[in-house]
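The values are calculated or read from the model by the stated rules, or taken from the named source; none is laboratory data. No experiment lies behind these values; they were computed from the predicted model shown. All Cβ positions, even for glycine, are placed from backbone atoms using ideal geometry, and neighbour counts span all protein chains on display. We work out accessible area using only protein heavy atoms, side chains counted, and drop any ligands, DNA or RNA first. Shrake-Rupley method; radii C 1.70, N 1.55, O 1.52, S 1.80 Å.
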Amino acid sequence: VSKSMKRLVSATARQFIEQYPEVTLHICCSGAQDLLRMLRANELDMIVSFRQQEPDADLFTKVLYPSRLSAVMSSGHCLAGRTSLRLKDLERFRIIIPGKGLQSRRMFEEFFSIDFGTLKPCATSNDVDIILDMVHGTDIIALLSSADVRDREGFKAVPLTIGDGTIPKERDMICCAQRLNNNYRKRSTLAFAEMLGERADIERICMEMNG
C-alpha cells in the first residue's frame, strides 16, 4: 500500500480479518514505483496506490476514487474557504513540499514541470503523517493530493489550478487497486479487493453527502 492509502487499507484490513480469521494478511507500505516493481516480481498479490500514468496491458486496475493535486492546510486557515488556488497564491505562506517517492511529487515535477525552488519551502518529507503533523493547527501549507486528507478531520484540501487549469485525463490522479492480469488470482485477494472497493464507495458517498 502506498502512503496516501494507508488509512483506507487499515480500515478494510480490520473488516477482512474479522470475516476471514483463517487468512493471514501481509501488508507492506512503500512508494508507488517500488510497489509496482514488487508486483511485477510476484512479491505482492495486489497493490493499492495511485494509478501509473502510462497504460499497461499487464495490469488489471480497479478504480477506487479520484484525487487531485491540492494545497493542504488546517481547516481554520485563511485560505480554507477558497474553491481553488494557484501556486502564486501560496507565496506568502510557509510551504512543505512532498519528498521524492510520493506520487504527488512525481506529478508536480514530471507532468507539470513545477519548480519548487520558487516557493522557498520550509520543509520536505516523503512521509505524509509527518507533513500533516506539521501542518495541523498552523498556517503552513503542504502540496499533496486530496487523497492524503480524504478521511482526516481538521484539514482542508483546496484544488490547485496549474497552468490554464486544463488537466488531461491521462494526468488525473486515480487511487486504485492493481494486480497482474495473467497471474493466479487467490480468492482471498479478490475478496479483499471487493471489500476495498465497497469501503471506498461508502466513503465517497459520505463525503458527497457532507458536501
Mind checking whether some residue in the range 10-20 is of a type in the set (Gly, Ala, Ser), under 25 Å from residue 105 (Cα atoms) and open to solvent by 20 Å² or more (accessible area, probe 1.4 Å)?
yes
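Conditions tested, residue by residue: (1) at negative phi; (2) at pLDDT below 90; (3) open to solvent by 20 Å² or more (accessible area, probe 1.4 Å); (4) outside any helix (DSSP H, G or I).
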site	(1), (2), (3), (4)
152	yes, yes, yes, yes
159	yes, no, yes, yes
166	yes, yes, yes, yes
170	yes, yes, yes, no
175	yes, yes, no, yes
178	yes, no, no, yes
183	yes, yes, yes, yes
Per the filter on the range 76-110, residues of a type in the set (A, V, I, L, M, F, W, C) and open to solvent by 50 Å² or more (accessible area, probe 1.4 Å) are 78
Strands (runs of 3 or more DSSP E) contained in the range 1-115 and holding at least 1 residues among the charged types (D, E, K, R) and under 30 Å from residue 184 (Cβ atoms):
59-67
Looking for whichever is open to solvent by 10 Å² or more (accessible area, probe 1.4 Å), within 20 Å of the chain's Cα centre (by Cα) and at pLDDT below 95 here; the options are 70, 113. Which one fits?
113
Scanning the range 194-211 for residues that are open to solvent by 20 Å² or more (accessible area, probe 1.4 Å), modelled with pLDDT of 75 or more and not acidic (Asp, Glu) gives 199, 202
Number of the condition not met by residue 49 [criteria: (1) open to solvent by less than 50 Å² (accessible area, probe 1.4 Å); (2) free of Cβ contacts under 8 Å to residues at least 24 places away in the same chain]
(2)
